[in-house]
1. Which ³J(HN,Hα) values in Hz, rounded to whole numbers, follow from the phi angles of the range 193-210 under the Karplus curve 6.51 cos²θ - 1.76 cosθ + 1.60, where θ = phi - 60° and Gly and Pro get x?
2. For the range 1-70 and the range 86-121, what is the centre-to-centre distance using only Cα atoms, to the nearest Å?
3. Where does each of 204-211, 48-55, 18-25, 141-148 land if you order them by average Cβ count within 10 Å, highest first?
4. Averaging sequence separations of C-alpha pairs under 8 Å and six or more residues apart, then dividing by the length of the chain, give the relative contact order as a whole percent.
5. Given a Förster radius of 22 Å and the C-beta distance between ARG112 and PHE75 as r, what FRET efficiency does 1/(1 + (r/R0)^6) yield to the nearest 0.05?
6. Determine ³J(HN,Hα), in whole Hz, for all residues of the range 22-28 in sequence, where each value follows from phi through the Karplus function 6.51 cos²θ - 1.76 cosθ + 1.60 and θ = phi - 60°; x replaces Gly and Pro.
7. What number results when the radius of gyration of the chain, computed over Cα atoms, is divided by 2.2 N^0.38 Å?
8. For LYS24, go through the aspartates and glutamates and keep the ones whose alpha-carbon is under 19 Å away, minus same-chain ones fewer than eight residues off.
Amino acid sequence: MSSLADLFSNNQAWAEDLNTRDPKFFEDLAVQQHPEYLWIGCADSRVPAEELVGLAPGELFVHRNVANVVVHTDFNSLSVMQFAVDVLKVKHIIVCGHYGCSGVKATLRGERLGLADNWLRHVDDVLQKHRDLLSHWESETHRLNHLCELNVIEQVANVCKTTVMRDAWERNQPVTVHGWIYGMKDGLLRDLHTSASSVDEARNAYQRAVNALPE
Ligand code: CO
């Protein structure tokens, strides 16, 4: 059986490198974490959360799933969010999608992947909701890009509607929710201008972001 020895040696080199630069790095980090950001992103291996925003261990709290979906009955993402907001007191929640998302593409094309199809129903809900808007674009590439964007905008709205966020804002806790999208072809992030720091802002930001999509 392969023991994946190369990954262990990579790990040793990585730990040694960090230790050389800061001998107290792991010691300090083991005691506590103070991340300012919660990242909710796609599980896609081409979108490495910490790396693409240049953050070190301890600085980014991360939840990833297929197609960066936030579902109101998913206790996995809800628990991550609740822990991040109530216990860690993160200042920002970033929902980050990416262009060329395989889950979004399968949804747009009506392709079957297997069990994941049930999860991707939530992306299909986004597709159905914005079917008229998406029909403006003839090319599949444009429709896919905009569905990836709309999926982020919808998931930001879902985050804002959770009891976690409503309670946090009710007690005036400063937390802002953002919607970003990552371009795998250029390695760059784009802000979808759907940031919100209150229930009212969330409602306006959602409409503004949907309207801002190019005709
Ligand atoms: Co993806």
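1. Per-residue couplings from phi come out as 6, 10, 5, 8, 10, 7, 4, 5, 4, 4, 5, 5, 5, 4, 5, 4, 5, 5 Hz.
2. After rounding, the separation between the Cα centres reads 21 Å.
3. Final packing ranking: 141-148, 204-211, 48-55, 18-25.
4. 19
5. For R0 = 22 Å, the calculated efficiency reads 0.25.
6. These are the phi-based 3J(HN,Hα) values: 8, x, 9, 3, 5, 4, 5 Hz.
7. After normalising by residue count via 2.2 N^0.38 Å, the value is 1.10.
8. Leaving aside aspartates and glutamates fewer than 8 places away in the same chain, those within reach of LYS24 are GLU16, GLU59.
Bear in mind that the values in this text are calculations on the coordinates, not laboratory data. What you see is a predicted model; the values in this text were computed from it and never measured. Using ideal geometry, Cβ is built from the backbone for each residue, glycine included, and neighbour counts are taken over all protein chains shown.
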